[in-house]
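The values are calculated or read from the model by the stated rules, or taken from the named source; none is laboratory data. Computed from a predicted model, the values in this text were never measured in an experiment. Reconstructed Cβ throughout: ideal geometry from the backbone, glycine too, with neighbour counts over all protein chains shown. The protein model used for the area step is the full one, side chains on, heavy atoms only, and it has no ligands, DNA or RNA in it. Shrake-Rupley method; radii C 1.70, N 1.55, O 1.52, S 1.80 Å.
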Amino acid sequence: MNTEREFLRKLTKAKTEDEKTWLTTKRLIDSLPEDLQTVVYSAAIPHWFDEKILRALNPELSRKIKRLYSQLKELPFVEKYENRGHNIHELTRRLLLMHLWKKQNVKYRSLSKNLVKFYKASLNSNVKIAEKKLIKHKEQNFSKKSIKELNRWINANPEIVNAISLASQNEYLYHLVIAQPKLGVDGIRRQFWIYHNSSIFSHAELSALIELIDEHIVSNRIKGSIIGWNKFFKGIIYFYKNDLNNATNCFLEVIKNEYPDKLLNADARFRLGHVYTKLSKTTKARRYFNDALLLYRAAKNKFGEANCKYSLGELHKSLSELSKAKAFFEQCLPLYHDIKKRSGEANSLYSLGEIHKSLSEFHKARVYFEEARDIYRDLKDKINEANCATIIGDIYAEFSELSEANLHYENAEAAYRQVIKLNRSDRVLAYYNLGFLLKKLKRYEEAEEAYRKSIEIDSSNSSRYVGLIDLFRFHTDKPGKALPLLEKQIEINPKDFEANLAIASISKQINKKLLKENIDKARQFLPKNDWYDLACLESICDNFDLAFEYLEKATHDNGFDSSWAWNDPDLQWIRDDPRFTKIVGAKPLL
Amino acid sequence: MTRQTPIDREEELQIFKEMVSGKTEERILLIEAQSGMGKTVLLGEFGFCKPKKIAFAKIDFKGGNTSIAELFSRLRDKLGGDSKFPNLGKELKGILTPTIDISTNLMFGKNQIEAYLTGSDEQERQIRLSALTDAFFADIRALGKLLLIFDTYEKSDESVKKWLSDSFLSRAQNSPNVFVVIGGQTVPEDNLEWDCIRKPLKGIPHSHWYKYVENNGIIIHVEYIRACCDIYDGHPLKMKNYLDGYHLKGGRA
């Protein structure tokens, strides 16, 4: 009895909750028969166990495992794990692992090794069965019937599906990184990228692996660059979820820690460059792309190098620094070609086409677009193939070679319609781009229909409304039809100054009335150095002097387009003033 | 060896029973507690003592890995399969993209829903998810009374958390035949779109542990039970470990 008092006194004196919990847990385990104790400790290593897993963990107890498993299930800290057997309650498991790692490190690693062996064998044998099944269905081109049959097979074979599931693959890597750290790090990094690059990527699988690895990191069981990769992929997930602050923090932390892994250091800087691009912080973006470029080059990683150059090209293009952009696209093109990254090659060719077109070098532009189109065609990338065909058509039209232009437009239309027919997720873009093409061809009713389809599928995306608004405002005599679409844009993004500006402009044009609410909102949300839109706003408000002051400043911006200024309905109220021609230049002939 | 005895959660069981028999306005029950407080056992009890004629599915997010697609799929399977979900099937119609590619990346077992929810960007995914959620609720509204229990909410993927706490619960609020229980170390935060009963679990008082030792044939002085219960604030897992350990030691430390 006194000893019990002593035990309770110890419990009271324990400094931490973990210490308190461990005292009773350990006493319970110590009181179990020796073989059951062994099984308890081993069962803490995996996240779940069944008879097979317990046998793999404790081959020396193989003959007794059935009985020991039954006894294990009766312990207060063992619970059921859906479809997979049982698990040690996480509170107890964490303490058991802490104890094992600290006191019996060799045992911990050898148990992990046993599990690696088990999972490897299980994955290999079951993958073979599944692959055999799959080949048959591949031969049938995954017809409706074949997929139905395959689903039935999946439902009837939960053991096989469980064995090769992503959860099992993640579990294998979780143990591998302890059993064979170097192999484990490589495997985890590879698996991270597989999830990331998968056409059916969902954050859940990547997050699940990240969490598993975090378990080891928090308990100081692993060190080195794998910690950086884990953080890096957390950043990737934040980036895709548009949580740019957290993405920035993750990438910066990786960079700050200077892990001895060239690719990690380069990748983190490259991704950070993209975060800053999205945040319109172009100076920082450029700095990180350049840093990444040097690191990729040092690591002799041509793909990384090409991607950095392409991203720098895009960055300069967005700033209308065309000659710099052109130089980068010209540099990344042969790199992509050398390493046979054909989509990178096509994208570079397309971008070069755009630059030459902007510089009115139409012949060169057309050649680039044609080359890009051919690669997209090879890659079965119908939308980009169609986009190229549209622009090639535009270039022919520019030189009044209308029959040739129409031929390309027809090809583009056919390609968009093929994508739409496939009913894939990219049909939204196909509808939208088809609307754009049909508008160009003055088939306004069909264009309206295509635009409306893309809005119908993607109604919460503000940019989907732009094409139809443009159609009503600039290509019909019913600009008022754009008003409900603009209202919708404001509903999606209440800070949309362009939509407020457009509503004010159309209302003034139709009703000769100035809508104060929209004017105020446009004024509130317009960026302070957006001189062109400020000029539009003051033009609508009849503040002529201010409008010209801003317009003059706008002409110094890289992207200023004088021919658009002559057509922009927002500037119609100041166009008759002689100052307009003086600032913008003479009206273009066409 | 002592048997796992359902722990004393009479108050919570009463709240649950009243909710599923329609005596409370709320049809959403959130059970929040730290690890080892007996949430899973309690949620298991809910499944056990629910009215017989109510359809029922329980999902445990333990282990992560559950994407929204996977969640839809598991719910559909547990609630009667394809034939009970005609609207969901209609929404997925035409999605034939084979998503099973084990030769390159071992993605075997991915389902049709996963393919449907794989859009080119986040926005596209959200649109599809919304359409799928509407179809799913159209189907479950036709199932009669239905109880859905979600356990280990804190381990669910961020996108699943967001979906459950926004789209799912707001639609459940507007589905008079649907009852939802969510348990976890964290649970969805309050939202104007839905009402709920929020029940944090506390430690189990001394009196229950006296019954526990009696039922399990453990001979121990009440003074020790009281002392341990005070040290652990009645934390169920820690108390059980203590009492079972004491018992197995033959009453000697």
For this session: Taking all pairs of distinct Cα atoms, average 1/r, flip it, and tell me the Kirkwood hydrodynamic radius of region A:315-419 in Å to one decimal place.
Result: 13.9
For this session: Calculate the mean, over all residues of peptide A:6-13, of how many other protein chain Cβ atoms lie within 10 angstrom of the residue's Cβ.
Result: 4
Seminar exercise, completed: Taking every residue of A:71-80, the Cβ atoms of other protein chains inside 10 Å of its Cβ average out to 5
Problem set entry | Long-range amide H partners of B:GLY183 with built H, under 5 Å | B:ILE31, B:PHE150, B:ASP151, B:THR152, B:TYR153
Seminar exercise, completed: Counting only residues 5 or more apart in sequence or on a different chain, those whose built amide H sits under 5 Å from that of B:TRP194 are none
Seminar exercise, completed: Note to self, chain A gives a 222 nm [θ] from helices alone (DSSP H runs n ≥ 4, -39500 (n - 2.57) apiece, / all residues, nearest 500) of -24000 deg cm²/dmol
Problem set entry | Between region A:522-578 and region A:30-54, the Cα center-to-center distance that results, in Å | 75
For this session: Could you run the Debye sum over the Cα atoms of region A:1-96, one equal point scatterer each and no solvent, and tell me log10 of I(q)/I(0) at q = 0.14, 0.16, 0.21 Å⁻¹, two decimals?
Result: -0.55, -0.68, -1.01
Exercise. How high is the relative contact order of chain A, in percent, counting Cα pairs under 8 Å that sit 6 or more residues apart?
Worked result: 4
Exercise. Rounded to a whole number, what is D in µm²/s for region A:66-112 from Stokes-Einstein with the Kirkwood radius over alpha-carbon pairs (4 °C, 1.567 mPa s)?
Worked result: 109
Exercise. Taking Cα atoms, how many degrees apart are the long axis of helix A:362-378 and the longest axis of chain A, rounded to 10 and kept between 0 and 90?
Worked result: 30
Exercise. When the accessible area of chain A is split by element with a 1.4 Å probe, what percent falls to carbon and sulfur?
Worked result: 51
Problem set entry | Once the Cα gyration tensor of region A:281-347 is diagonalised, semi-axes √(5λ) in Å | 19, 15, 8
Exercise. Given the pairs A:LYS241/A:LYS341; A:LYS281/B:LYS155; A:LYS10/A:LYS52; A:LYS278/B:LYS161, which are separated by over 29 angstrom at their Cα positions?
Worked result: A:LYS281/B:LYS155; A:LYS10/A:LYS52
Seminar exercise, completed: Averaged per residue, the 1.4 Å probe accessible area of the protein assembly as shown, protein heavy atoms only, in Å², is roughly 47
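Nearest 100 Å² is fine: what is the total accessible surface buried where chains B and A meet, probe 1.4 Å?
It comes to approximately 6100 Å² buried between B and A.
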For this session: Among the chymotrypsin sites (Phe, Trp or Tyr not before Pro) in region A:344-437, which ones are in a DSSP loop with at most 13 other Cβ atoms within 10 Å of the Cβ? Mind listing them?
Result: A:PHE399
Problem set entry | Percent of Cα pairs exceeding the 55 Å cut-off, where the set is the protein assembly as shown | 23
Exercise. Separation of region A:375-401 and region A:233-284 by C-alpha centroid, Å?
Worked result: 35
Problem set entry | Filtered GluC sites (Glu not before Pro), region B:24-91: DSSP coil and at most 15 other beta carbons within 10 Å | B:GLU25
For this session: Sort all Cα-Cα distances of region A:149-188 into consecutive 5 angstrom bins from zero, then give the percent of pairs in each bin up to the one containing the longest distance.
Result: 7, 24, 19, 14, 12, 10, 9, 5, 0
Exercise. Hey, got a sec? Which trypsin sites (Lys or Arg not before Pro) in region B:158-209 land in a DSSP loop and have at most 15 other Cβ atoms within 10 Å?
Worked result: B:LYS202
Exercise. Which value in nm describes the separation of the simple spin-label points at A:TRP193 and A:LEU379, placed 7 Å from the Cα toward the beta carbon?
Worked result: 1.8
For this session: Could you compute the FRET efficiency for A:LYS481 and B:SER21, with r as their C-beta to C-beta distance and R0 at 56 Å, rounded to 0.05?
Result: 0.55
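How much length is gained if the chain between A:TYR444 and A:VAL106 is pulled fully straight, taking 0.36 nm per residue apart and subtracting their Cα-Cα distance, in nm to one decimal?
Gain on extension, A:TYR444 to A:VAL106, equals 114.2 nm.
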Exercise. Taking the Cα-to-Cβ direction at A:LYS256 and at A:ARG63 and moving 7 Å from each Cα, how far apart do the two end points lie in nm?
Worked result: 5.9
Exercise. Under a straight-distance cross-link criterion of Cα-Cα below 12 Å, which aspartates and glutamates are reachable from A:LYS508, leaving out those fewer than 8 residues away in the same chain?
Worked result: A:ASP542, A:ASP570
Problem set entry | Extension gain, A:ARG297 back to A:GLN572 (0.36 nm per residue minus Cα-Cα distance, nm) | 93.8 nm
Problem set entry | Label point distance in nm, A:LYS13-A:PHE399, each placed 7 Å from Cα along Cα→Cβ | 9.5
For this session: Return the FRET efficiency for the residue pair B:LYS52, B:SER207: r is the Cβ-Cβ distance, R0 is 35 Å, and the value is rounded to the nearest 0.05.
Result: 0.65
For this session: Kindly express, to the nearest 10 degrees and within the range 0 to 90, the angle between helix A:466-475's C-alpha long axis and the longest C-alpha principal axis of chain A.
Result: 10
For this session: Work out, step by step, the length gained on full extension between A:THR3 and A:ASP35: first 0.36 nm times the residue separation, then minus their alpha carbon distance; give nm to one decimal.
Result: 8.9 nm
Seminar exercise, completed: Amide H neighbours of B:LEU147 at under 5 Å, excluding residues fewer than 5 places away on the same chain, with H built from the backbone geometry, are B:ALA55, B:PHE56, B:ALA57, B:PHE179
For this session: Rank-order B:137-144, A:260-267 by packing density, defined as the average count of other C-beta atoms within 10 Å over each peptide's residues, highest first.
Result: A:260-267, B:137-144
Exercise. Taking only the alpha-carbon positions of region A:159-241 and ignoring solvent, what does the Debye formula give for the base-10 log of I(q)/I(0) at q = 0.12, 0.15, 0.19 Å⁻¹?
Worked result: -0.32, -0.50, -0.80
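Take the Cβ-Cβ distance between A:ILE492 and A:ASN157 as r, set R0 to 41 Å, and report the resulting FRET efficiency rounded to the nearest 0.05.
Efficiency, from the Cβ-Cβ distance: 0.35.
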For this session: Output the pairs from B:LYS52/B:LYS238; A:LYS481/A:LYS582; A:LYS478/A:LYS587; A:LYS302/A:LYS326 with a Cα-Cα distance over 29 Å in this structure; if there are none, say none.
Result: B:LYS52/B:LYS238; A:LYS481/A:LYS582
Seminar exercise, completed: Computed over chain A: longest principal axis from alpha-carbon atoms vs helix A:427-440 long axis, angle to nearest 10 degrees, is 10
Exercise. Tell me, how many Å apart are the Cα centres for region A:210-225 and for region B:5-55?
Worked result: 36
Exercise. If packing is taken as the mean number of other Cβ atoms within 10 Å per residue, what is the order of A:335-341, A:172-178, highest first?
Worked result: A:172-178, A:335-341
